[in-house]
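Here the structure is laid out as structure tokens; the discussion comes afterwards.
The values are calculated or read from the model by the stated rules, or taken from the named source; none is laboratory data. Because the structure is predicted, anything quoted here is derived from the model rather than measured. Reconstructed Cβ throughout: ideal geometry from the backbone, glycine too, with neighbour counts over all protein chains shown.
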Amino acid sequence: MTAVATDAVMDYDEAMAKFDPVMGLEVHVELHTATKMFCGCPTGFGAEPNSQVCPVCLGLPGALPVVNEKAVESAMRIGLALNCEIAEWCRFARKNYFYPDMPKNFQTSQYDEPIAYGGYLDVELEDGSIYRVEIERAHMEEDTGKSLHIGGATGRIHGADHSLVDYNRAGIPLIEIVTKPMVGAGERAPEVAKAYVSALRDLLRALDVSDVKMEQGSMRCDANVSLRPKVGDPLSSEQLAVPLGTRTETKNVNSLRSVERAVRYEISRHAAILDAGGSVLQETRHWHEDTGITTSGRVKSDAEDYRYFPEPDLVPVAPTREMVEALRATLPEPPGQRRKRLQSDWGYSDLEMRDVMNAGAVELIEETVAAGASAGAAKKWWLGEPSRRANAEGQDIVTYAAALGFTPAHVAELDALVTSGRLNDSMARQVLDGVLAGEGTPTAVADARGLELVKDDGALEAAVDKVIETNPDVAAKIRDGKVQAAGALIGQVMKEMKGQADAGKARELILAKLQ
Amino acid sequence: MTDLPTDLTRATAAALADALATKAVSSVEVTQAHLDRIAAVDGQVHAYLHVDAEGALAQARAIDERRGAGESLSALAGVPIAVKDVMTTKGLPTTCGSKILEGWIPPYDATVVTKLREAGLPIIGKTNMDEFAMGSSTEHSAYGPSRNPWDLERIPGGSGGGSSSVLASFQAPLATGTDTGGSIRQPAAVTATVGTKPTYGGVSRYGLVALASSLDQAGPCGRTVLDTALLHAVMGGHDPMDSTSIDAPVPPVVEAARAADVRGMRVGVVKELGGKGYQPGVRARFDESVALLEELGAEVVEVSCPNFDYALAAYYLILPSEASSNLAKFDAMRYGLRVLPDGVDDPSAEQVMAATRDAGFGPEVKRRIILGTYALSSGYYDAYYGSAQKVRALIAQDFANAYEQVDVLVSPTAPTTAFKLGDKLEDPMAMYLNDIATIPANLAGVPGMSIPSGLADEDGLPAGIQILAPATKDERLYSVGAALEAALVDRWGGPILDRAPELGGVAAAKGA
């Protein structure tokens, strides 16, 4: 059974004419530390169910947590990269509620004393403009186990026969990053939401703190959306003065595209309700990837009371300022800034840079250039055959190349063979085929296949003379100044030379003889 | 070897340790003697929830073999011990006196238990307790109360009444306890035994089923101050598995107990602990003990800790709050009892949780879960939990002020001698008042000890004196305790427990 749309929705443009959207995004990131947040269990994804557990993460009576210092360090680095303040002293807190996949029936989290707070992330939109997302806080907590509902059609608990719980995930370190209300985005709200999650993902990847795989749940997004009447431009003071509407929280939106779609859907749904004079119910919503709609989850009411209190089993976290500054020094260049720098270093157009980004080849090109190739050649080779094949295999270029053992050094070597004049372009393509087929390094492939431009100018000159002689009409045109006609002769020369000639040199010779 | 009695169960742990070290006696003999004693008297006392004869003898045999092979062993190696049922023991049932954990066999040892095993103490069994350590009498044990060997119609104290009655009836020379508001000290007082609540963090809490995490502290129980010190040295020390554990060596408790010297020490009598509500006989024995300390060369002054008056109220907000959260894990999902609700065809996980908790928890546990849930609720948090934390800070300040003037504080351990079973069961407030003198130490995290001060004139039952020291200065308890104990035993002409009635006509030497 797939969810059936029963909610009315308003056309998006109409909704935007009448309402101003405000968003708040909560992103949960699983850290890829070797061990869990409060015990020494490994954190690898996809292990045999309940094989990565111990008394602590199973919540057995008597077990006690001990904080993973590496996780605290990652949390602080994330906070710093998001331009946050780092707390001088903060505690963990217990969030109390009952759920079968939560071993202790409380989650060890942080409440009013987060490790990082008050930051921002500048997000570049498609048109190159910047939207600043204000960050409320980033705090540490532990993940829950995972319930698997067996029987029933939806995989949800409703209608299931029985449920199984896998506690491997219980206790994996999580960082929850919460934005302040995102206002002023207007009709671009869905795009802003997506761009923010995307920028955050790039940042976390650059920090090397998480796998950030949304499809595996190592990065999860909850999107809060509310609407208020539109009274002016999104950023006008009169619009910003309008009180916020009632929000809904759409849980576990697990792809970039879904973030955009879910926000857009909720805007349209809220708009229909409000326009009909109704009021939005404050609740959590489930996102349905297949149908592109949300359905009602649990109603958030005053009855929901997590009874937070400071976790007495843990001592406060009190990073020294020296420690914070030492961590700040380990921060990578912010992804946006890095992208701009590389684009300028490489001399790419915006379009070329976007192609490289979309292909996921930035790092490969960077390494190739570092290995001595020109930026243009590096792009040409990576975005050519290797990219095409990776796409056909449904893999990203990095994984694909790594699996083949095809490296930036190979590309740089290939480029060097061309620039040194040993290979021409078409020969280089053959060499690339050989390298991708695992025949060895570019030089080895060229040697094995006997690919080398003929260096003997005498042979080339003889071929040129022969082609001029057999094509008097074309030769006449060139003599008359139609230089572009030389192409036809070059092709024939190359044929004479069985491809093993430098086309540039052939062209020079032809023109020298006919002008 | 000196004067080991023919009945090995009457020997102190220190004497047994000496005899074992010189191979005058084997651990198997000592362990078997206690197993025989258990078989003879525990039917009347009900101190044990579980006896592991086979396991204890196997451990005893292993120790004897290692000793025979010339291995150098720790001081208490071969001396059997009883473990409070709140500590997890791998392969041995651990119920915490609750139905909800009936049948649960932990897959791991508490750090304290690991230390006992490593030190070579055969674990003879698990002792009874009030359910999840909530109570002062063991009457809240789901498996029935333990009885005071001084009078089987009376309570042995609680929650550690199983451990205290084990010691007072010679069913083990040593026992472990946990003390959240007095659960080691009050049972010691009403059975004429010794018990120490170490500094918070001095003994690992890993593997102690938590009642109130910020108050719980495991500690040693014995019949003499030296025995208790020897056990303290084994149990204590830093544990990386417990974040609140103190990263420092165990204070020199054994040395202090052996020196037994109070000369020049300043002793403060806490004005607020000992007035109204304290039984005259308890008060009289306390006053005598204080006078003795003065004779022994201590300087005695009265000290005021005005905020102690609010300790009980603060305690009964903090404890239930933490307990309500700590006990949430008992939900029938992973271990322990599972009860299906009546008349529900296809119960949900939540319905099973509710039915199990309803059937598995006793009334006192439910009372405290409800109290704590309420105290933490949004809108009440500041008034209850928040205020209680402020009181806690004030009490710590009272202690700090007092310790500027004196080295240790003293008070009666409990306001009365052992009351009759059933007397206070229907009146929680009266039950809670039993811990009025012991609770401040838990709120402030400072160490405390109870030793026997004598028998009250009006009922002939044991009374206790409590000694309190600043945090991490646990050795002071043993200096004062051992000095006072020696003077009192001298005055009594022998250990006070010699005056306890023999149980049900069982000859003391039976089985020896």
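Among what's in region B:348-373 and is surrounded by fewer than 16 Cβ atoms within 10 Å (Cβ to Cβ) and within 13 Å of another protein chain (Cβ to nearest Cβ), pick the residue that is farthest from the chain's Cα centre (by Cα). Per the stated criteria, the residue is B:348.
In region B:236-251, which residue that is over 22 Å from residue B:478 (Cα atoms) and touching a residue at least 24 places away in the same chain (Cβ under 8 Å) is farthest from the other protein chains (Cβ to nearest Cβ)? Top of the filtered list is B:239. Report yes if some residue within region A:313-332 is outside any loop (DSSP other than H, G, I, E, B) and within 16 Å of residue A:224 (Cβ to Cβ); otherwise report no. So far as region A:313-332 goes, no, none of its residues is outside any loop (DSSP other than H, G, I, E, B) and within 16 Å of residue A:224 (Cβ to Cβ).
Scanning region B:136-163 for residues that are within 13 Å of residue B:178 (Cβ to Cβ) and in contact with an Asp or Glu (Cβ under 6 Å, 6 or more places away or on another chain) yields B:158, B:159. Could you say whether any residue in region B:217-235 is within 14 Å of another protein chain (Cβ to nearest Cβ) and in a loop (DSSP other than H, G, I, E, B)? There is at least one residue in region B:217-235 that is within 14 Å of another protein chain (Cβ to nearest Cβ) and in a loop (DSSP other than H, G, I, E, B). Go through the residues of region A:57-70 one by one and say whether even a single one is basic (Lys, Arg), part of a helix (DSSP H, G or I) and in contact with a helix residue (DSSP H, G or I) (Cβ under 7 Å, 6 or more places away or on another chain). No: region A:57-70 contains no residue that is basic (Lys, Arg), part of a helix (DSSP H, G or I) and in contact with a helix residue (DSSP H, G or I) (Cβ under 7 Å, 6 or more places away or on another chain).
Selection of region A:311-351 for residues being within 30 Å of residue A:98 (Cβ to Cβ) and surrounded by fewer than 18 Cβ atoms within 10 Å (Cβ to Cβ) yields A:315, A:316. Out of B:127, B:138, B:111, one residue alone is polar (S, T, N, Q) and within 14 Å of chain A (Cβ to nearest Cβ). It is B:111.
Taking the stated definitions as given, is residue A:50 within 14 Å of another protein chain (Cβ to nearest Cβ) and either of a type in the set (Ser, Thr, Tyr) or crowded, with 16+ Cβ neighbours inside 10 Å (or both)? Answer is no for this residue.
The residue that is nearest to the chain's Cα centre (by Cα), counting only those in region A:450-487 that are among the polar types (S, T, N, Q) and in a helix (DSSP H, G or I), is A:484. Scanning region B:181-217 for residues that are of a type outside the set (A, V, I, L, M, F, W, C) and more than 22 Å from residue A:310 (Cβ to Cβ) yields B:182, B:183, B:185, B:186, B:187, B:191, B:193, B:195, B:196, B:197, B:198, B:207.
Being touching a residue at least 12 places away in the same chain (Cβ under 8 Å) and surrounded by 24 or more Cβ atoms within 10 Å (Cβ to Cβ) holds for only one residue in B:456, B:463, B:500, and it is B:463. In summary, residue A:122 fulfils each of the numbered conditions (1) in contact with a Gly (Cβ under 9 Å, 6 or more places away or on another chain); (2) within 12 Å of chain B (Cβ to nearest Cβ); (3) not in a loop (DSSP other than H, G, I, E, B) with the single exception of condition (2).
For region A:27-47, a residue qualifies if it is out of contact with any Pro (no Cβ under 6 Å at 6 or more places or on another chain) and in a loop (DSSP other than H, G, I, E, B), and the qualifying residues are A:32, A:34, A:36, A:39, A:40, A:41, A:43, A:44, A:45, A:46, A:47.
When you scan region B:115-128, do you find a residue that is part of a loop (DSSP other than H, G, I, E, B), closer than 21 Å to residue B:327 by Cβ, touching a Gly at 6+ places or on another chain (Cβ under 7 Å) and in contact (Cβ under 8 Å) with a residue 24 or more places away in the chain, even just one?
yes
Could you look through region A:84-99, keep only residues that are within 14 Å of chain B (Cβ to nearest Cβ) and assigned to a loop (DSSP other than H, G, I, E, B), and pick out the one that is farthest from residue B:350 (Cα to Cα)? For region A:84-99, the residue satisfying everything is A:91. Scanning region B:328-347 for residues that are facing another protein chain (nearest Cβ under 10 Å) and part of a loop (DSSP other than H, G, I, E, B) gives B:330, B:331, B:332, B:333, B:334, B:335, B:336, B:346. Note on region B:148-161: residues that are surrounded by 24 or more Cβ atoms within 10 Å (Cβ to Cβ) and farther than 22 Å from residue B:366 by Cβ total 5. Residue count for region B:20-34 under the criterion of being buried (at least 22 other Cβ atoms within 10 Å of the Cβ) and hydrophobic (A, V, I, L, M, F, W, C): the result is 3.
Could you go through region A:253-263 and let me know if any residue there is among the charged types (D, E, K, R) and closer than 20 Å to residue A:304 by Cα. Scanning region A:253-263 turns up no residue that is among the charged types (D, E, K, R) and closer than 20 Å to residue A:304 by Cα. Considering region A:157-178, the residues that are touching a helix residue (DSSP H, G or I) at 6+ places or on another chain (Cβ under 8 Å) and at pLDDT 90 or above include one that is nearest to the other protein chains (Cβ to nearest Cβ), namely A:173. Checked against the criterion of being in the same structural domain as residue A:75 (by TED's automatic domain parsing), at pLDDT 95 or above and in a strand (DSSP E or B), region A:259-279 contains not a single residue that satisfies it. When you check residue A:197 against the structure, is it surrounded by 18 or more Cβ atoms within 10 Å (Cβ to Cβ) and modelled with pLDDT of 95 or more, yes or no? In short, yes. For residue A:145, the test of being free of Cβ contacts under 8 Å to residues at least 60 places away in the same chain, over 20 Å from residue A:52 (Cβ atoms) and either surrounded by fewer than 17 Cβ atoms within 10 Å (Cβ to Cβ) or touching an Asp or Glu at 6+ places or on another chain (Cβ under 7 Å) (or both) is failed.
Taken as a whole, the structure leaves residue B:402 outside the set of residues that are among the aliphatic types (A, V, I, L, M) and free of Cβ contacts under 8 Å to residues at least 40 places away in the same chain. Restricting A:512, A:475, A:506 to residues that are under 24 Å from residue A:422 (Cβ atoms) and surrounded by 19 or more Cβ atoms within 10 Å (Cβ to Cβ) narrows the list to A:506.
Per-residue answers, yes or no, for (1) more than 29 Å from residue A:73 (Cβ to Cβ); (2) of a type in the set (A, V, I, L, M):
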{"residue": "A:207", "(1), (2)": "no, yes"}
{"residue": "A:211", "(1), (2)": "no, no"}
{"residue": "A:215", "(1), (2)": "no, no"}
{"residue": "A:228", "(1), (2)": "yes, no"}
{"residue": "A:232", "(1), (2)": "yes, no"}
{"residue": "A:238", "(1), (2)": "yes, no"}
{"residue": "A:242", "(1), (2)": "yes, yes"}
{"residue": "A:248", "(1), (2)": "yes, no"}
{"residue": "A:253", "(1), (2)": "no, yes"}
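Restricting B:435, B:459, B:474 to those that are acidic (Asp, Glu) and under 15 Å from the mean Cα position of the chain (by Cα) reduces the list to B:435. The set of residues in region B:73-105 that are within 11 Å of chain A (Cβ to nearest Cβ) and polar (S, T, N, Q) comprises B:88, B:89, B:94, B:95, B:98.
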